[in-house]
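Read the structure below first, then the notes.
The values are calculated or read from the model by the stated rules, or taken from the named source; none is laboratory data. Fair warning: this is a prediction, and the values are worked out from it, not measured in the lab. When we count neighbours, we look across all protein chains shown, and the Cβ atoms used for this are built from the backbone with ideal geometry, even at glycine.
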Amino acid sequence: MMRARKFVSALLVRGVLLLLALSVGLPGWSVVAEAASITASPTGDGVYAIQGIGFSGVSGLDVTVTYDSSTLGNPRVVQGTLLANALFAANPNVPGVIRIGALSTSGFSGTGVIAAITFDKKAGAAGSLTGLTASLINSSGAPLAVTTSYSNAPATYASQTVQTDTTAPGTPTPTTPSIPITTGAGGSGATGIAGTSTGGSVYLGTVSMPGDAATSQPEKKAEYKAETQKADQQPLPNQEAVDEQARDRGKAEPEEKKAPVEKKDIVYPSVSEKIRTSSEKLTMEKLLALFELSTELPYSQAPGVVLSDGKTSVRLTVRLGESGKETPSFALKHAKLLSLQQGEGGEWLIEALPALNTNEAALTVSLEASSIRIPLTVAQPLNARSLGDLKVLSERTFPLFLTERGTKEAPRYDLNGDGKRDYLDDYIFAANYLAGGGRAPLPDRLPAPAAPAVPKKP
């Protein structure tokens with residue numbers, strides 16, 4: 001009996017010492033913080049939810065999802081509620097691979113949907129994900145621990161939803177299926193600790209910026225409602241009963257409902273679009289005038305024309321006026337975000353790097369009552385080979401370029417190589433002319449002039 005008591009006492013003492021070590025940290029003991037986790041699992045026919053679990057102090061993330069491109073195609077990515085206030089970017093353009101990136105100055109914490117991905121299934125195939133990797137950073141840029149797992153079997157979900165676009169490209173009307181939030185890590189797959197992100201840049205396609213999803217409230221039981229209503233109808237002691245006719249009049253009065261806010265889409269035309277829709281014959285002077293931005297616009301660009309050489313960045317200043325009191329969401333198309341900050345006057349300062357050789361880039365600003373699309377004036381850089389016999393950009397070669405257009409079968413000066421001589425070639429030529437100050441914009445790419453012949457000494 002005594003031995004049993006001593007054994008139990010020894011176990012209790014060891015248990016207390018273990019708890020103390022875990023709570024205050026004795027020498028030789030260490031407590032490892034639980035890592036955040038990211039999971040991927042299907043929520044419907046061709047729809048997958050990328051879930052973040054246990055996020056704390058996360059300021060940036062980089063997620064790569066791989067899938068079987070023989071059974072799944074045309075992926076569409078929509079920002080989830082966990083990243084509602086983050087700068088979000090997704091690149092689903094490489095078959096079999098989807099890159100997702102997000103950045104937030106205020107950080108994001110908790111559990112929720114990072115993104116919803118909708119696929120088109122091919123030939124009735126089941127379709128499947130093949131991998132999931134991720135890295136997280138804090139506000140100092142230091143990596144955070146994260147585990148990843150994915151599953152091709154449906155998981156168990158709660159009731160919160162996030163908007164997702166299930167329409168094919170070019171279809172104007174989106175649908176909104178429910179993408180629930182899972183409350184635990186499900187499925188199986190590779191697991192690892194995050195390091196610094198590697199690989200190519202994430203470029204942003206067209207994405208919607210949904211607000212926070214409404215949290216569903218549990219329904220009250222009918223019995224409870226009935227009892228409450230019955231109790232409310234009883235007069236208080238020493239108080240006259242309420243006039244039934246007045247009560248009926250009060251019930252008949254409809255409650256005031258706030259009218260839904262109609263979101264406006266504001267789209268500013270790009271320079272290439274102005275050239276395309278111009279009804280007059282464009283001379284050199286008229287063409288170059290279309291590149292000038294009005295000072296009344298709520299944005300400005302510096303430099304005014306940027307060549308998309310993969311090295312030169314563009315700086316945008318966006319002034320939102322009264323809307324500047326709310327925090328907007330920003331999305332870039334065909335460009336990578338380099339920096340984002342707000343100026344002393346409330347204006348937003350964005351620096352971005354256009355995609356290599358792109359002739360189109362845009363910034364979308366999403367507000368509660370409006371969405372603003374701002375074009376970036378960018379164009380592919382020209383070289384001596386693309387200029388052909390013109391060799392240089394100058395006031396002398398400009399009119400020749402505009403008049404010599406060739407034929408439909410044999411277009412002349414097809415600068416972007418699309419088999420056509422159209423407004424886009426005019427835009428590229430003029431943009432390069434302006435970027436080079438009225439001369440060849442990239443002299444280092446042009447052949448060096450021949451050295452003058454040195455006369456031989458007799």
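Among residues of the range 367-410 being assigned to a loop (DSSP other than H, G, I, E, B) and either polar (S, T, N, Q) or outside the structural domain of PRO269 (by TED's automatic domain parsing) (or both), the one that is farthest from the chain's Cα centre (by Cα) is THR407.
For (1) more than 16 Å from SER149 (Cα to Cα); (2) modelled with pLDDT under 85, each residue gets a yes or a no:
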| position | (1), (2) |
| --- | --- |
| PRO42 | no, no |
| PRO75 | yes, no |
| VAL78 | yes, no |
| ASN85 | yes, yes |
| ASN91 | yes, no |
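Scanning the range 349-366 for residues that are more than 16 Å from the chain's Cα centre (by Cα) and not acidic (Asp, Glu) gives LEU349, LEU356, ASN357, THR358, ASN359. Considering LEU356, LEU340, LEU349, LEU332, the condition of being touching a residue at least 12 places away in the same chain (Cβ under 8 Å) and surrounded by 19 or more Cβ atoms within 10 Å (Cβ to Cβ) is satisfied by LEU332 alone. In the range 262-287, the residues that are closer than 19 Å to GLN301 by Cα reach residues that are β-branched (Val, Ile, Thr) and modelled with pLDDT under 95 with C-beta atoms within less than 6 angstrom, at least six apart or across chains, in these pairs: ILE266/ILE372. Given the condition within 27 Å of LEU367 (Cβ to Cβ) and not in a strand (DSSP E or B), answer yes or no: does some residue in the range 108-121 qualify? No. Which of the residues spanning the range 126-155 are more than 12 Å from ALA35 (Cβ to Cβ), in a loop (DSSP other than H, G, I, E, B) and among the aliphatic types (A, V, I, L, M)? Result: ALA126, ALA142, ALA153, ALA155.
From the list GLU296, GLU326, the lone residue that is assigned by TED's automatic domain parsing to the domain that holds PHE429, under 25 Å from SER139 (Cα atoms) and not hydroxyl-bearing (Ser, Thr, Tyr) is GLU326.
For GLY310, state whether it is assigned to a loop (DSSP other than H, G, I, E, B), in contact with a helix residue (DSSP H, G or I) (Cβ under 7 Å, 6 or more places away or on another chain) and under 29 Å from SER59 (Cα atoms). It is false that GLY310 is assigned to a loop (DSSP other than H, G, I, E, B), in contact with a helix residue (DSSP H, G or I) (Cβ under 7 Å, 6 or more places away or on another chain) and under 29 Å from SER59 (Cα atoms). The set of residues in the range 88-100 being assigned to a strand (DSSP E or B) and surrounded by fewer than 22 Cβ atoms within 10 Å (Cβ to Cβ) consists of ASN91, VAL97, ARG99.
Quick grid of which residues meet (1) assigned to a loop (DSSP other than H, G, I, E, B); (2) modelled with pLDDT of 75 or more; (3) closer than 30 Å to THR403 by Cα; (4) touching a strand residue (DSSP E or B) at 6+ places or on another chain (Cβ under 6 Å):
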| site | (1), (2), (3), (4) |
| --- | --- |
| ALA246 | no, no, no, no |
| GLU262 | yes, no, no, no |
| PRO269 | yes, yes, yes, no |
| LYS274 | no, yes, yes, no |
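For the criterion of being surrounded by fewer than 20 Cβ atoms within 10 Å (Cβ to Cβ) and modelled with pLDDT under 90, LEU103 passes.
Scanning the range 281-299 for residues that are under 24 Å from TYR423 (Cβ atoms) and not aliphatic (A, V, I, L, M) gives LYS281, THR283, GLU285, LYS286, PHE291, GLU292, SER294, TYR299.
All of TYR427, TYR433, TYR413 fail the test of being modelled with pLDDT of 90 or more, closer than 18 Å to THR283 by Cα, part of a loop (DSSP other than H, G, I, E, B) and out of contact with any His (no Cβ under 7 Å at 6 or more places or on another chain), apart from TYR413. All of PRO177, PRO154, PRO95 fail the test of being out of contact with any Lys or Arg (no Cβ under 9 Å at 6 or more places or on another chain) and modelled with pLDDT of 90 or more, apart from PRO95.
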